[in-house]
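The values are calculated or read from the model by the stated rules, or taken from the named source; none is laboratory data. Values in this document were obtained by computation on a predicted structure and should not be read as measured data. Here the Cβ positions follow ideal geometry from the backbone for every residue, glycine too, while neighbour counts run over all protein chains shown.
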Amino acid sequence: MTDFDAQFVERIVRDVMSRLAGDVPVASYDSSAALVVDDAVLTEESLVSRLNGHGSIVVGPKTVITPTARDVLRKRNVAVSRGVAATSGPASGERRVIDVTDSATVAAVVQAVGLSREAESCWKVAADDAVAFVRTAGAGVVVFTNRAAAVTCRANRQAHVRAAVATDGDELRQQQKSLGPNVLAVDPVGQSFVTLRAILKTFATPIVVPDGWED
C-alpha cells in the first residue's frame, strides 16, 4: 500500500468514527449525577444492561456510540455528554441500602427515611454490589452488616471507592470532612433507631471529595 492509499484509508476511518460518535458535547461532569461509561464502543446491548432510570450518560472522550445505542438513548430521552469525571466537588445522587443483617430495626429505619432496602445474605457480595453501584451510578451506598470493617476493607481495594465505618452521625460527619465516603458500612447491633436514622440522614447530604484527594 502506498503512502497515499494509507492516508486515504485513515481519513475514511476517521470520518466513519466521527459519524458514529456524533456531535456530542464535551463537558466536565460529576460522576454521581449520571451513568458513566468509558468503553471503546458503546453498543445497544451494553447500554441497555446498565441503564436504570438514568436521565443522563457521560461517555469517554474516545467512546464510539453505535447507531442502535444512540436510538435507545433518544427513545429514553437520555442526555449524552463527553468529558472527564470531576475529582472533587459536591455529589448528590441517590442512596442505596444493602442489608446483610435482616434486622427489624434496620428495616424500620430505612422505611422511615424513605429509602428502599435490599436484602443480601453474604457480606462479600454486598461489598461487591456496593462497589459496582458506586462505579456505575456514582451514588452512595450504605451496607448494614456485622462485618463492617471487612466490608470497608474489601470495598477499598477498588479505585474510586472511599469506604468507611460509622457508628453515629457525629463520626460520619468527621468522615465526610476527611474522606468523603461513598460506601458506608454500619453495624446495627446495639444501635438505637434514632442513631441509625441519624446516620442515614447525614449520609443523604451531598458527597464531597476532599481537596487534593487522589484515588
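Given the options Ala21, Ala27, name the one that is more than 27 Å from Gly140 (Cα to Cα), modelled with pLDDT under 80 and more than 14 Å from the chain's Cα centre (by Cα). Step through it out loud before you land on a result.
Numbers: Ala27 fails: more than 27 Å from Gly140 (Cα to Cα).
Only one candidate qualifies: Ala21.
Looking only at region 157-172, how many residues end up being of a type outside the set (Asp, Glu), crowded, with 16+ Cβ neighbours inside 10 Å and under 21 Å from Pro206 (Cβ atoms)?
8
If we keep just the residues of region 64-94 that are in a strand (DSSP E or B) and over 15 Å from Leu51 (Cβ atoms), which is modelled with the highest pLDDT? Don't jump to the end; show me each part of the working.
Going through region 64-94, the residues in a strand (DSSP E or B) turn out to be 64-65, 79-82, 85, 89-91.
Add one more test, that the residue is over 15 Å from Leu51 (Cβ atoms), and what stays is 64, 81-82, 85, 89-91.
Numbers: Val64: 85, Ser81: 74, Arg82: 66, Ala85: 43, Gly89: 37, Pro90: 36, Ala91: 42.
Across region 64-94, the extreme among qualifying residues is Val64.
Evaluate the following for Val131: is it crowded, with 20+ Cβ neighbours inside 10 Å and under 29 Å from Asp38 (Cβ atoms)? Before you say what the answer is, go through the steps one by one.
On the way: crowded, with 20+ Cβ neighbours inside 10 Å: yes; under 29 Å from Asp38 (Cβ atoms): yes.
Considered against the rule, which asks whether it is crowded, with 20+ Cβ neighbours inside 10 Å and under 29 Å from Asp38 (Cβ atoms), Val131 comes out as yes.
Here is a list of conditions, (1) assigned to a helix (DSSP H, G or I); (2) at pLDDT 85 or above; (3) farther than 30 Å from Gln191 by Cβ, and Val109 meets all of them except one; can you say which number that is?
(3)
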